[in-house]
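Notes follow once the structure below has been shown.
The values are calculated or read from the model by the stated rules, or taken from the named source; none is laboratory data. Remember, predicted model here, so these are calculated numbers, not experimental data. Positions of Cβ are backbone-derived with ideal geometry, glycine not excepted, and every protein chain shown enters the neighbour counts.
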There are 2 protein chains.
Amino acid sequence: MKETIGYLGPKGTFTKIAVDSMFNGDVKKGYSTIPECIDAVVNNEVSYAVLPLENAIEGTVNITLDYLIQAQDVKIVSEVIVPIRQHLMVHPDNVDKWTEIDAIYSHSHAIAQCHSFLRKELVKVPAQSMTSTGAAAEFVSEHPEQNIAAIANHLAAKEYGLSIVKKDIHDFDNNHTRFVVLHKSQTELTSNKMEEKGFKTTVTVTLPSDQPGALHQVLSAFAWRNLNLSKIESRPMKTGLGNYYFLIDIEQKMDDVLIPNAITEMESLGCKVSVLGSYPYYLHSGNGVTLAV
Amino acid sequence: MKETIGYLGPKGTFTKIAVDSMFNGDVKKGYSTIPECIDAVVNNEVSYAVLPLENAIEGTVNITLDYLIQAQDVKIVSEVIVPIRQHLMVHPDNVDKWTEIDAIYSHSHAIAQCHSFLRKELVKVPAQSMTSTGAAAEFVSEHPEQNIAAIANHLAAKEYGLSIVKKDIHDFDNNHTRFVVLHKSQTELTSNKMEEKGFKTTVTVTLPSDQPGALHQVLSAFAWRNLNLSKIESRPMKTGLGNYYFLIDIEQKMDDVLIPNAITEMESLGCKVSVLGSYPYYLHSGNGVTLAV
């Protein structure tokens, strides 16, 4: 059966790379904001939604999390980790004169991520902010008469017919974005194209009061069970400054004993605990990039 | 003496509200990316830089932190917390017909933050993404012949002569952005306009290895000294997936005994510890907003 998949549009972004790695011939629908995309799952407009959760360029963890925590019947059922690789690309007509480009178009975060390259190799070329790396690539493809370049990923180059003239121009290697797949029930979604890297259970824990050492006590519940935490992050609650909850990734599938017991103990200490999902995660292998020069 | 202050431009953004709350008649210079702004401090082009550190709309904590950790002689010397309040604004010519607007312009994150309002009151009006809330306000001010609105803050309304027709349209109250003031020496910067809310010391801690319970042990060093942690966040290191360091805010000024001893003990456990700054923090009071309707 064909499913309908919602994602944070437009085409040619890192989110779309994540969508294509998890879903094949399904109907894919781009939404312009994260809340709209989560609403689409809630209202059964789409079966799954793919959204950036951490360290994204186009989106932000805050908005995905804020709305995910509100939409209580929507769960994380899978995760794809995509390497962030930025390339410099131009219209095919302008491949030979890319070292003399007049302007660079991209999302401001992508421009920031290529700061060292730009300072070294294209120092006097003005950079122009666009709403996404995909929008920048589209603009460059529509203006062959201008000698301009876009910073974007390989999918954007393919989608808009641009030629990559310099690859991997981002400052930090090993920069990744986590994309989560959301669904209306707790049924994990496995991939038949990527190798499973492991399993995670994501919970939020609200401490009973802002007291020194409370977090230390909560972590004990995990530590003495040898439950490895791959992530712990304090995040402000929307009820006022200074109130935090903790977002915790346990590097393990939800089981019948260890995790439920840890949760029960935290609750007996006065904590509020919610499970956002228990799901497999995958690492996108990255794609080969062919240089035009 | 007049100082030169760098900030993440353009005008009319929340970053500019933070700058104006900390600095009076100084020379203020907008930069288009976060790394450029940090470089300006390193190269003595500016004395101070003001950048978003957490939960920002225009920027992102990741980029500020990544480059701050690299620029080792630059320290956090002060912090301003600014409430995020979004308003709907139109050109003064169009105040009477704002309920029939044809399009809404804003940054995609601001559009997402006003999701409930838009769905309830302006459901069929298309939203157009811009590179910042300031750029959206500028666009609306330049097109009085179009019946369009921008979502932006009160400073943007003032800066571009727009009329606020609906105030506080954001979904979550108590949403704040932390802005840090960076400087080339560890001299704290106090404000004479805002009341000091407290003092923080921000450290990064890299654990010796990815073992269950290691974080628990590190937190013990704080817990038994009654050092309250107002924030703890695990963040990926740029050396590969699965390697994390911790960003920790201690709710206390750097002292001669407690914090240095905690750091020494963590180091003796094999941790790498860096102090990003010890600084006072302030809460911007927000501004009164006058409705045009």
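Between residues in segment B:3-22 that are of a type in the set (Asp, Glu) and residues that are in a loop (DSSP other than H, G, I, E, B), which pairs lie under 6 Å by C-beta distance while being six or more apart or on different chains?
Hits for this filter: B:3/B:26; B:3/B:47.
Rundown of residues vs (1) at pLDDT 85 or above; (2) hydrophobic (A, V, I, L, M, F, W, C), yes/no style:
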| position | (1), (2) |
| --- | --- |
| A:247 | yes, yes |
| A:253 | yes, no |
| A:259 | yes, yes |
| A:265 | yes, no |
| A:278 | yes, no |
| A:286 | no, no |
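Go through segment B:25-54 residue by residue and tally those that are assigned to a loop (DSSP other than H, G, I, E, B) and in contact (Cβ under 8 Å) with a residue 60 or more places away in the chain.
Step one: filter segment B:25-54 for residues assigned to a loop (DSSP other than H, G, I, E, B), giving B:25-26, B:32-33, B:43-47.
Next cut, in contact (Cβ under 8 Å) with a residue 60 or more places away in the chain only: B:44, B:47.
Adding up the residues that qualify gives 2.
Quick check: anything in segment B:23-33 in contact with a Ser or Thr (Cβ under 8 Å, 6 or more places away or on another chain), buried (at least 20 other Cβ atoms within 10 Å of the Cβ) and not assigned by TED's automatic domain parsing to the domain that holds residue B:158?
Checking segment B:23-33: at least one residue is in contact with a Ser or Thr (Cβ under 8 Å, 6 or more places away or on another chain), buried (at least 20 other Cβ atoms within 10 Å of the Cβ) and not assigned by TED's automatic domain parsing to the domain that holds residue B:158.
So in segment A:69-106, with the set limited to residues that are surrounded by fewer than 18 Cβ atoms within 10 Å (Cβ to Cβ) and among the aliphatic types (A, V, I, L, M), which one is farthest from the other protein chains (Cβ to nearest Cβ)? Don't jump to the end; show me each part of the working.
In the first step, residues of segment A:69-106 are kept if they are surrounded by fewer than 18 Cβ atoms within 10 Å (Cβ to Cβ); the result is A:69-73, A:92-93, A:95-97, A:99-100, A:102-103.
Then keep just the ones that are among the aliphatic types (A, V, I, L, M); that gives A:69, A:71, A:95, A:103.
Details: A:69: 11, A:71: 12, A:95: 27, A:103: 13 Å.
Here the residue is A:95.
Of all residues in segment B:41-55, count the ones that are within 30 Å of residue A:233 (Cα to Cα) and more than 13 Å from chain A (Cβ to nearest Cβ).
Qualifying residue count for the region: 4.
Checking residue A:114 against (1) touching a helix residue (DSSP H, G or I) at 6+ places or on another chain (Cβ under 8 Å); (2) under 29 Å from residue A:167 (Cα atoms): exactly one of these is not met. Which one?
Unmet condition: (1).
So which helices (runs of 4 or more DSSP H) are wholly in segment A:107-218 and hold at least 2 residues that are touching a His at 6+ places or on another chain (Cβ under 8 Å) and more than 14 Å from chain B (Cβ to nearest Cβ)?
Values: elements: A:108-113, A:115-121, A:133-142, A:154-159.
Filter on segment A:107-218 gives A:133-142, A:154-159.
May I ask you to list the residues in segment A:1-49 that are over 24 Å from residue B:116 (Cα atoms) and basic (Lys, Arg)?
Hits for segment A:1-49 are A:2, A:11, A:16, A:28.
For segment A:130-143, state whether one or more residues are under 25 Å from residue A:76 (Cα atoms), aromatic (Phe, Trp, Tyr) and in contact (Cβ under 8 Å) with a residue 24 or more places away in the chain.
The answer is no; no qualifying residue exists.
Can you tell me how many residues in segment A:1-40 are more than 14 Å from the chain's Cα centre (by Cα), more than 14 Å from chain B (Cβ to nearest Cβ) and of a type in the set (A, V, I, L, M, F, W, C)?
The total comes to 4.
Filter segment B:171-197 down to the residues that are surrounded by 14 or more Cβ atoms within 10 Å (Cβ to Cβ), touching a strand residue (DSSP E or B) at 6+ places or on another chain (Cβ under 6 Å) and over 21 Å from residue B:65 (Cβ atoms) and list them by number.
Within segment B:171-197, B:191, B:194, B:197 meet the criteria.
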